[in-house]
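Data first, discussion second: the structure below is written as structure tokens.
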Amino acid sequence: MLDWLKQPWPWYVAGPLIGLTVPLLLLLGNKSFGISSSLRHICAACMPSKIPFFQYDWKKEVWNLFFVGGVLLGGIIAGQLLADPQPVKVSAELSTGLAGYGITDYSSMVPKDIFSWETLFTARGFIMMVVGGFLVGFGTRYAGGCTSGHAIMGLSDLQLPSLIATCCFMAGGFITTWLILPWILKL
Amino acid sequence: MPSSINTGNTSFVKQIPDTDSEIRSVNTVITSSSSLDKPLASNIKYLLAGIFFGILLVKAEVISWFRIQEMFRLENFHMYGVIGSAVAVGMLSVWLIKKFRARSVEGEAIQPEPRRMNKGVVYGGLIFGVGWAITGACPGPLFAQIGTGATVTIVTLLSAVAGTWVYGLIRNRLPH
């Protein structure tokens, strides 16, 4: 049983369970699933700096911070108790493609060749962690949601703005992966 | 009065109404009964829900930069299967909740906030897409990655907080 749980879970098991987060939060307290708003609450709580966008009572939304705290704990539990000892299995096309950029370490789901304290101050590491992270935070709030808030919760609720947002997430990702990322990975 | 919190201090730049549907207490005039005047301990259930979701993110390998690359390079169906089946289950659940007018455990009518259309959905969506492909992570997986021991992701997360903060700072100058 534990051995089975330690393997990566197939999409048809994990996907529907992820989808159940939507009714779970609605039934627990009429909460709409969405993670990126936690970043706004952190700003409102820690450095509102008289910016009108951060002038609201974040304590009324504290459930969201408990939820992301849980996601962090879930990461610890899965990493400590349910970790897969095998390297990450990827498609042959990807491993061939990445080998050309010197990315060969599959021991972690976050590739150590790119994302590590040692690479943080290289051009490639800085762009991929600091610039990339900035775009995630800026873009999700500009769009009013992320993969969870728009792509899962919004689409579940048949919201047209969420469908448009999801198409734009994918478009931005495809353009970046095919046209921009090769230049960054070469650095 | 969604824009009520935004009135005030800048007189030169037009104030753009808050289009963020995710912050209920900002959006609704009649504040919902939940989350108000409840002890902090009542939020433990959301912590548990987060743990459930965090474990799923890790075991589905949604937090893997490699899986996100495979998705955008069209080399693996996995991520499409995860997101697609999650949306299918979510849709069915919301439909059932609405059909049977289900109430939350606190007795409140369940009413997801409608999303408001604005240009930010397009521009912000494209910008997030760029960041998603580079970092291989959306906000949820950032928290889960840190949990699994990829401590350097703390930098990416702090940078995402900074991005949100800068958006808040300059949003009145951006097209919405």
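A few remarks follow.
- The charge dipole of the protein assembly as shown, taken about its Cα centre with unit charges on the Cβ of Lys, Arg, Asp and Glu (plus for the first two, minus for the last two), comes to roughly 780 debye.
- Using a cutoff of 8 angstrom between alpha carbon atoms and counting only pairs six or more residues apart, the relative contact order for segment B:101-176 works out to 25 percent.
- Within the straight-line cut-off of under 21 Å between alpha carbons, the lysines reachable from residue A:59 are A:31, A:50, B:38, B:45, sequence neighbours fewer than 8 places apart in one chain being disregarded.
- For segment B:101-176, the calculated P(r) over all alpha carbon pairs, in 5 Å bins from 0 to the bin holding the longest distance, is 3, 12, 16, 17, 14, 12, 14, 11, 1 percent.
- Local electrostatic count, residue A:106, Cβ distance below 10 Å [Lys/Arg +1, Asp/Glu -1]: 0
- Estimated 222 nm signal from helices in chain B, with DSSP H stretches of n ≥ 4 weighted -39500 (n - 2.57), rounded to 500: -17000 deg cm²/dmol
- At least 18 Å along the helix axis (C-alpha) and Kyte average at least 0.5, DSSP helices within chain B: B:44-59, B:78-99, B:120-135, B:153-170
- Positive-end extreme of charge dipole, the protein assembly as shown - chosen from A:19, B:46, B:102 (charges on Cβ): B:102
- Once Rg and the Kirkwood radius are both taken over the C-alpha atoms of the protein assembly as shown, their ratio Rg/Rh works out to 0.95.
- Taken as entire DSSP H runs, the helices of chain A that both span 20 Å or more between Cα atoms along their own long axis and average 0.0 or more on the Kyte-Doolittle scale are A:62-81, A:160-175.
- Within the assembled protein chains, the solvent-accessible surface assigned to residue A:175 is about 90 Å², based on a 1.4 Å probe.
- Based on the Kirkwood approach, the hydrodynamic radius assigned to chain B is 19.3 Å, with every pair of different Cα atoms included.
- A straight Cα-to-Cα reach below 16 Å connects residue B:99 with the aspartates and glutamates A:157, B:108, residues fewer than 8 places away in its own chain not being considered.
- Taking segment A:82-187 and dividing mean pair separation by its residue count, relative contact order in percent (alpha carbons under 8 Å, at least six apart): 19
- Accessible surface of residue B:119 - all protein chains present, 1.4 Å probe, nearest 10 Å²: 110
- Chain B - percent relative contact order, Cα under 8 Å, separation 6 or more: 27
- Residue A:107/residue B:15 FRET efficiency (R0 45 Å; Cβ-Cβ; nearest 0.05): 0.35
- Segment A:1-106: Rg to Rh, with Rh as the Kirkwood radius over Cα pairs: 1.10
- Counted residue by residue at 0.36 nm each, then reduced by the alpha carbon distance between them, the extension gain from residue A:1 to residue A:13 reaches 2.8 nm.
- Local net charge near residue B:148, Cβ-Cβ under 13 Å (Lys/Arg +1, Asp/Glu -1): 0
- MRE, 222 nm, helices only [DSSP H, n ≥ 4, -39500 (n - 2.57), over chain A, to nearest 500]: -15500 deg cm²/dmol
- The candidates A:183, B:65, arranged from most to least accessible area with a 1.4 Å probe in the full protein assembly, appear as A:183, B:65.
- Per-selection metrics, chain A (Cα): Rg and Dmax in Å: 18.7, 53
- Just so you know, the averaged projected area of the alpha carbon convex hull for segment A:131-186 sits at 3.9 nm².
- Where A:25, A:65 fall by accessible area, highest first, once all protein chains stay in place (1.4 Å): A:65, A:25
The values are calculated or read from the model by the stated rules, or taken from the named source; none is laboratory data. Nothing here was measured: the structure is a model prediction, and the numbers come from that model. Backbone-built Cβ (ideal geometry, glycine too); neighbour counts: all protein chains shown. SASA here: full protein model, heavy atoms, side chains in, ligands and nucleic acids out. Shrake-Rupley method; radii C 1.70, N 1.55, O 1.52, S 1.80 Å.
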